[in-house]
Each structure stands twice: as structure tokens, then as C-alpha cells.
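Chemist: Structure in C-alpha cells, see below.
The values are calculated or read from the model by the stated rules, or taken from the named source; none is laboratory data. Values in this document were obtained by computation on a predicted structure and should not be read as measured data. Here Cβ is always computed from backbone atoms with ideal geometry, including for glycine, and neighbour counts include all displayed protein chains.
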Number of protein chains: 2
Amino acid sequence: MTETASRPTLEAVAARAGVSRATVSRVVNGGEGVREPLVERVRRAVEELGYVPNQAARSLVTRRHDAVAVVIAEPETKVFADPFFALQLRGISKELTAHDSQLVLLLTEGREDYARVGRYLAGGHVDGALVFSLHLEDPLPGLIQGAGVPTVFGGRPGWADGTRGDTPTVYVDSDNRGGARDAVRHLVGLGRTRIGHITGPLDQTSAVDRLDGFRDVMVDADPRLIVEGDFTPAGGERAMRELLDRCPELDAVFAANDVSAAGALRVLRERGRRVPEDVAVVGFDDMLPVAEQSDPSLTTVRQDIEEMGRLMARLLLRGLERRGPGGDRDRDREHERGGVGGAPSSVVLPTTLVRRASA
Amino acid sequence: MTETASRPTLEAVAARAGVSRATVSRVVNGGEGVREPLVERVRRAVEELGYVPNQAARSLVTRRHDAVAVVIAEPETKVFADPFFALQLRGISKELTAHDSQLVLLLTEGREDYARVGRYLAGGHVDGALVFSLHLEDPLPGLIQGAGVPTVFGGRPGWADGTRGDTPTVYVDSDNRGGARDAVRHLVGLGRTRIGHITGPLDQTSAVDRLDGFRDVMVDADPRLIVEGDFTPAGGERAMRELLDRCPELDAVFAANDVSAAGALRVLRERGRRVPEDVAVVGFDDMLPVAEQSDPSLTTVRQDIEEMGRLMARLLLRGLERRGPGGDRDRDREHERGGVGGAPSSVVLPTTLVRRASA
DNA sequence: CCTCCCGCTGAGAGCGCTCCCCGATCACCG
DNA sequence: CGGTGATCGGGGAGCGCTCTCAGCGGGAGG
């Protein structure tokens, strides 16, 4: 009755504009099929009252939420704390904002949280999910796909070779393998022959793919030249020492990411090896604060992380549109980035080699 | 009335358990005032049907959303990309999760986004907001406080000396000034006398506070020994050069954060100054990947960033409870950090000096 | 000039849930 | 053993919105 204290409702706007609720609703939702003068009147009423639609009420009937969950399953704080997710989030945020969708962030703290996330997603609180889970044996992706929520993964999930059950898996990834190949070829082009590789943790697809890329070029690499790291500086140091011990005549290293490359750099300096003269080093990621500020600055493989995020969101939203309210319209297939119209399919973004001082 | 395809409703659960909707509702919301056998039966029905409450319907009537917005207004990607926000987010997330609240992330891309954020918050989509806006002249905090949403700020807002309008401003901050004092005192204790300071961008309260702390100890510091930086490595380098040029006999530097300290370190090495022998360096933040991995490792002032986030969330939720729907029930009045039963008030967390190799 | 049709507007029925309120129930006391 | 109070359960009224559907009016065709 009194619309003084609380926020104005559709009803109030309708009264003020001298039209019915339905008309106001139409105007608010795009104004299709309402004559101009009325539209104008309603707009003014909305303005004057400062009306904002009640999303809860809307969701209740439309079953849409204009919200997307972003699930980051990264037990190790360290990994989460690197700029990687921040950049992806930024990309995601931009895209979602452009589509008037909200970003609901779900961080998991170990596996005990998975049930909670699953429940939340299955509960239909969001229209879809963007999921980051980098580990091979992680049950989360499966669990989420089981929840029946449209999902796009960030990075290729461990099991994903296309299909899981009957739902095609959609993911966005960098061309880790191709990027690694470029890196190693660059080293080869520099005339290096004893090229070592510091891998990432091999329970992550990105690390595995980069290792595969390394092997693609170094087809018969001495297995002793491959040491497993863990994407951390300390791991990079350890691996570098190992590498140097095993093969003192090493003349190049490809580290699976920049921070381990930075660790390697430190060890090389400590052992009196000049970079790049004695040992050339290439990293991966082009994490600016690391790559640009290391000494010497790091030659590395750049991936456009923010773009990955943006693309994930775009893919998801597009999928949502397709299955949107009304009938399903299947089966058109396009193959450009992210598809156009058809069911979205996975996208692998290209990488580029950035040459700096270390190789 | 078929409850086959779509998600089960309260009604369905009630039917299955042989009770009324209201009873199921009561059980779902805590089970107060329902007899044990019934509770049990309802629980089982919920379980069997996989019932999940429809949050939209619930919000519609309760006007609560169990969701909190986190607003990060940081135009510069670089700043956002450092681990700072990630850690805060983690802390916030943990606390919110513990209270069954969702985290809605709002990243702003420049000021043109402010209106959107304001509208969103004023729209009553969330129960409260946690806001990060580090810049002095930023209109966002005012705008948000104007939206009438319960808010806790991360870091002291520029204008906050307690009150804005009639709403007390609540924020969580580190003891930047005290931490800076500790850092400088440490340098003094080392016998250093020509101590320079690389500030942060002085449009941020944290930078100003650290500068004030520096001045507290170096009461009559030569103004030439203070150079404005910008919290970036490049800024640190630039400032360090400036400092060295102005005052070659410098024997210590307090940098307002770790990454600028890292930049300073690089310049010192380049100029042939030994650290800490010739010049001692102290940073601020204790950003591990930076502080621990720099060469030499950085003596710095640690702030518990994750704890700040957790505290912000706790303060907000507590404030929400107080003004909660229905009668106020100021039950648990604990006098732990974050205030006692009353209106939450701002909290300033202590910092600690972490001694490493650089000073 | 009348009729048909099309396009715009308004009335009304819920979406799933909470919560108020009243009637039913049960323990217990007189 | 009946009355009384306290407590528990159920019915019903919306929360604010969308969407279907009918109705109404005006323009064009007969």
C-alpha cells in the first residue's frame, strides 16, 4: 500500500505511469510491442521512483538468474595467489558484465567443500558454471558435470578427450603443447643441443601438454634432461640443481612456467653459469611481474590469460542462449573461435613466443 | 503437479513426508519446534527427493539473499593481479562459506562502471558489500555508502575519520603506520642513519600511512630522502635511482611495499651496492613470492592479508545479524576481535616485522 | 460504411517459499 | 477425570514478477 519506505515495485511504477503492471514489465524488459508514448511515460515513472526490478521475483518465474558461478578448486593457496586466476577473473567479469550477468565466486578449500559446491550448483542458483580445476584426478569436474549445469572448463580437464557421459565437455585452454614446441624450437634455433626441461606438476594437463611439446621437438631427449618441478620458484631451483648435477654440460632449459624459470635463473647464477651465454632459459606464461623483472629478463611463451577468461564466459553465455527459454534448436556447427550459433565447442588459444634477454 | 522432471518443491517434500509445507519449511530452516520423529521423516523425504530450497522464492519473502557483494575497484590491472586481492578473497570466501553466504564479485573497469555497481547494490540483490577502493579521491565508497547497503571497507577509505553522513564507516586495515615505524626503527637499530623511503602512490591511504610511520621515526628526515613510488617494481627502480642520485651516501631504504623493494634491490645491485652491507632494505607486505625469492631475501613487514579478508566478512555478517529480520537477538556477545555485540567498528590489524637477509 | 484483422494493453494466475494465525493436541494439575 | 495452558501443525495469504490470453481499438479491405 504505502510505497514510501520500501523499494518501489512494478505495481507502483504502473500506478504512477497510469498503465498496467504488464506494460511496465514489457518496457523494463526491452519495450517490445509497446507504443512509444507509453514507453516514454513508463520510463519516466521508473526514473522518478528509482525503480529497480526485484531479481528474486523475476528469477522465481523465469527460472533464469543472470548469474554464473565461477568455481576455483585450488587447494594450494600459492597457486591461487599468483596472478593467473586474477586475470582470468577479470576477463570473465568483463564478459559477464557485458551480458548483465553476475559472477558468483566459489572457492573450494579442499575436497570437503566439493559437496557444498555440487549442492549449490545443482540447486539451480545460477545459470551456468565456469570451472577451474587443474588436477588430473580431481573428482570435481565430473561432479559438476553431473549436476546438470551448463559448464565451461578453464584448461582441459584431465579426462576430457571430448565427451563425458553424453554431455560434450567444453573447455578453453592455451595451446600448451604448441607453445612448448615453439619454445624448444627457439632454443634449438639458437644452436643449443643439451636442452633440459623443468616440468610442472604432472597431475595437471597443462604441465603434461608442455612436456609433450618438449618431447615433440626433442624426440629422443635423454630422460635425465627432464626433471619434474611444481610450478613454484623453489621447485624450479630444486629441478635446476638436479639438472645441473645430472648434466653439467647443459646449454639450455625450458621451464614449464615463469616462476620456476625464475628459480632456475637463481640457481644458474649461484652456480656461476651465465644466462644466456652458457645456458639459455625459456619460461612459459609471460607473467609480467616475473618475466619482465627477472634478471636477465625472461624469454617466455605468452598466453593471453584474460582472453581465456573472456572466452570461457562467452562460450557459456552462448550455450545458455541456445538452450534459453523456448525450444532447443540443435545442430548447427560452426568452427571459429567459440562457434557461432551452434553448440559451443572447446577452444584452444594460440600462444606466442616473447623474446627477451634469457634466450 | 507432476514433480518428476523439474526440481522438487517444498510441496513435494511435504507430500512425501505426509506433513504440511510449513512443517517442512521449519525443518529445513533449523527444525525448531517440530517433534523429532517428524523432523526425521522430513529429513528423509528431503534426502530422497534431493530437495534444494529455491533461493529466489525464499529471498522474495524474507528479503534476505545470503549473498554479499565484493567490490574491487582497481583500474590498474597490475595491482589487481598481485596476490593481494586473491588472498583477501580467500579469507572472505572462507568466512562467507561458514555462514552460508555467497560471494558476488563485482570488478569495476574504470569509473564508467560505478553507476552499474551503485545500481546493483541499491537494487537490493545482496545483503551487504565488502568494498576495496584504495584511492583517496575515489567517489565509489561514498556512492556505495549512499546506496544504503551495509558495507565494510578493505583499507581505510580516504575520507574516513569515523563518520560519513550519519552512517559510521567500518573498515579493516593493517597497521600501516605502526608497521612502517617498526621497519624504520629496525633500520635505525642497525645503526643506519641515512635512511631513504620509497613511498607508494600517495593517493592511497596505505601509502600515506606508511609514509607517516616513516616520518614518525625520522622526525626530521631530509625531504630529499623521500621519493614517491607507485607500488610497482619499475616505480621502485626509478625511485631507487633517484634516491641514489640525490644522496649517494644512503645506507638504508624502506620501501612501501615488497615489489618496489625488489625493484630497488635490482638497482642497488646494478650500481654495485651490496645489500645489506652497504645499503639495508626493508619492504612491506611480506608477499612471499616476492619477499622470499628476492636476492637477497627481503626483510619486510608482514600483514596478514587473508585474515583481513576474513575479518571484513565477519564484521559485515555480524552487522547483518544485528539488523536482521524479526526481533534483534543479540545472542553471542563475544568480545573478540571485531568488536563486541554492538555495532561493528573498524579494526586495525597488527603487523610484524619479518627479518630476512636484506636488513 | 461496415467488417475483419492485427497489434497493443490489461487482467489474472501463479512461480516456491515463509510466516502469521488459528485450531488441534498433549501434558499436567486440580 | 475434566479443565487449562502451552505447544505444535496446517491453511492461507501474499512477496514481486512474468506471461498467457482475452479484449479493445484502429486501420485497411470489401
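Chemist: Does B:G50 fit the bill of being modelled with pLDDT under 90 and away from DNA strand D (no atom under 11 Å from the Cβ)? Steps first, please.
Modeler: Numbers: modelled with pLDDT under 90: yes; away from DNA strand D (no atom under 11 Å from the Cβ): yes.
Spelling it out, B:G50 is indeed modelled with pLDDT under 90 and away from DNA strand D (no atom under 11 Å from the Cβ).
Chemist: What number goes with the only condition from (1) over 30 Å from B:G146 (Cβ atoms); (2) assigned by TED's automatic domain parsing to the domain that holds B:R310 that B:R41 does not pass?
Modeler: (2)
Chemist: Moving on. Does the stretch B:42-64 hold any residues that are more than 10 Å from DNA strand C (Cβ to nearest atom) and surrounded by fewer than 18 Cβ atoms within 10 Å (Cβ to Cβ), and which are they?
Modeler: Passing the criteria: B:R43, B:R44, B:E47, B:E48, B:L49, B:G50.
Chemist: Next question. Failed condition for B:V279, given (1) surrounded by 24 or more Cβ atoms within 10 Å (Cβ to Cβ); (2) touching a Lys or Arg at 6+ places or on another chain (Cβ under 7 Å); (3) touching a residue at least 40 places away in the same chain (Cβ under 8 Å), with all others met?
Modeler: (3)
Chemist: Something else: Which residue is farthest from DNA strand D (Cβ to nearest atom), if the candidates are limited to the stretch B:1-43 and must be modelled with pLDDT of 85 or more, assigned to a loop (DSSP other than H, G, I, E, B) and more than 23 Å from A:L60 (Cα to Cα)?
Modeler: B:G18
Chemist: Which one is surrounded by the most Cβ atoms within 10 Å (Cβ to Cβ), of the residues in the stretch B:194-242 that are in a helix (DSSP H, G or I) and of a type in the set (G, A, S)? I'd like the intermediate steps shown before the answer.
Modeler: Filtering the stretch B:194-242 for residues in a helix (DSSP H, G or I) gives B:205-217, B:223-225, B:233-242.
Retained after the next criterion (residues that are of a type in the set (G, A, S)): B:206-207, B:213, B:234-236, B:239.
Values: B:S206: 24, B:A207: 24, B:G213: 27, B:A234: 15, B:G235: 24, B:G236: 30, B:A239: 26.
Per the criteria, the residue is B:G236.
Chemist: Under 6 Å between Cβ atoms, which residue pairs at least 6 apart in sequence (or on different chains) link something in the stretch A:251-266 that is closer than 13 Å to A:E292 by Cα with a partner that is assigned to a helix (DSSP H, G or I)?
Modeler: Close Cβ pairs (under 6 Å, with a partner that is assigned to a helix (DSSP H, G or I)) amount to A:D258/A:V290; A:D258/A:A291; A:V259/A:P233; A:V259/A:V290; A:A262/A:P233; A:A262/A:V290.
Chemist: Could you figure out which of (1) surrounded by 16 or more Cβ atoms within 10 Å (Cβ to Cβ); (2) of a type outside the set (A, V, I, L, M, F, W, C); (3) at pLDDT 90 or above isn't true of B:E292?
Modeler: Unmet for B:E292, out of (1) surrounded by 16 or more Cβ atoms within 10 Å (Cβ to Cβ); (2) of a type outside the set (A, V, I, L, M, F, W, C); (3) at pLDDT 90 or above: (3).
Chemist: Let me ask something else about it. Looking at (1) more than 25 Å from A:L288 (Cα to Cα); (2) among the acidic types (D, E); (3) modelled with pLDDT of 95 or more, which one does A:E95 not meet, given that it meets all the others?
Modeler: (1)
Chemist: May I pose another question? Tell me yes or no: at least one residue of the stretch B:66-78 is surrounded by fewer than 18 Cβ atoms within 10 Å (Cβ to Cβ), within 16 Å of DNA strand C (Cβ to nearest atom) and within 12 Å of chain A (Cβ to nearest Cβ).
Modeler: Yes, the stretch B:66-78 contains a residue that is surrounded by fewer than 18 Cβ atoms within 10 Å (Cβ to Cβ), within 16 Å of DNA strand C (Cβ to nearest atom) and within 12 Å of chain A (Cβ to nearest Cβ).
Chemist: Now for a separate question. Kindly list the number of the only condition in (1) in contact with a helix residue (DSSP H, G or I) (Cβ under 9 Å, 6 or more places away or on another chain); (2) small (G, A, S); (3) modelled with pLDDT of 75 or more; (4) farther than 30 Å from B:P201 by Cα that fails for B:G263.
Modeler: Against the list (1) in contact with a helix residue (DSSP H, G or I) (Cβ under 9 Å, 6 or more places away or on another chain); (2) small (G, A, S); (3) modelled with pLDDT of 75 or more; (4) farther than 30 Å from B:P201 by Cα, B:G263 comes up short only on (4).
Chemist: Out of B:R274, B:R266, which single residue is in a helix (DSSP H, G or I) and more than 19 Å from the chain's Cα centre (by Cα)?
Modeler: Sole residue among the options that is in a helix (DSSP H, G or I) and more than 19 Å from the chain's Cα centre (by Cα): B:R266.
Chemist: Filter the stretch A:85-137 for residues that are part of a loop (DSSP other than H, G, I, E, B) and buried (at least 20 other Cβ atoms within 10 Å of the Cβ); which is nearest to the other protein chains (Cβ to nearest Cβ)? Write out each step before concluding.
Modeler: Residues of the stretch A:85-137 part of a loop (DSSP other than H, G, I, E, B): A:99-101, A:109-110, A:123-127, A:133-134, A:136-137.
Now drop any that are not buried (at least 20 other Cβ atoms within 10 Å of the Cβ), which leaves A:101, A:125-127, A:133-134.
On the way: A:S101: 11, A:H125: 5, A:V126: 9, A:D127: 12, A:S133: 16, A:L134: 16 Å.
Per the stated criteria, the residue is A:H125.
Chemist: Let me ask something additional. So which residues in the stretch A:232-263 are away from chain B (no Cβ under 13 Å) and among the hydrophobic types (A, V, I, L, M, F, W, C)? Walk me through it before giving the result.
Modeler: Residues of the stretch A:232-263 that are away from chain B (no Cβ under 13 Å), as a first pass: A:238-256.
Within the stretch A:232-263, A:A239, A:M240, A:L243, A:L244, A:C247, A:L250, A:A252, A:V253, A:F254, A:A255, A:A256 qualify.
Chemist: Here's a check for you: in the stretch B:277-293, which residue that is of a type outside the set (D, E) and over 21 Å from the mean Cα position of the chain (by Cα) is nearest to A:A261 (Cα to Cα)?
Modeler: Across the stretch B:277-293, the extreme among qualifying residues is B:Q293.
Chemist: Need pairs with beta-carbon distance below 6 Å; first residue over 17 Å from B:R119 (Cβ atoms) and without any contact (Cβ under 8 Å) to a residue 24 or more places away in the chain and within the stretch A:28-52, second more than 12 Å from DNA strand D (Cβ to nearest atom) and of a type in the set (V, I, T); sequence gap 6+ or separate chains.
Modeler: Between residues of the stretch A:28-52 that are over 17 Å from B:R119 (Cβ atoms) and without any contact (Cβ under 8 Å) to a residue 24 or more places away in the chain and residues that are more than 12 Å from DNA strand D (Cβ to nearest atom) and of a type in the set (V, I, T), the close pairs are A:G31/A:V39.
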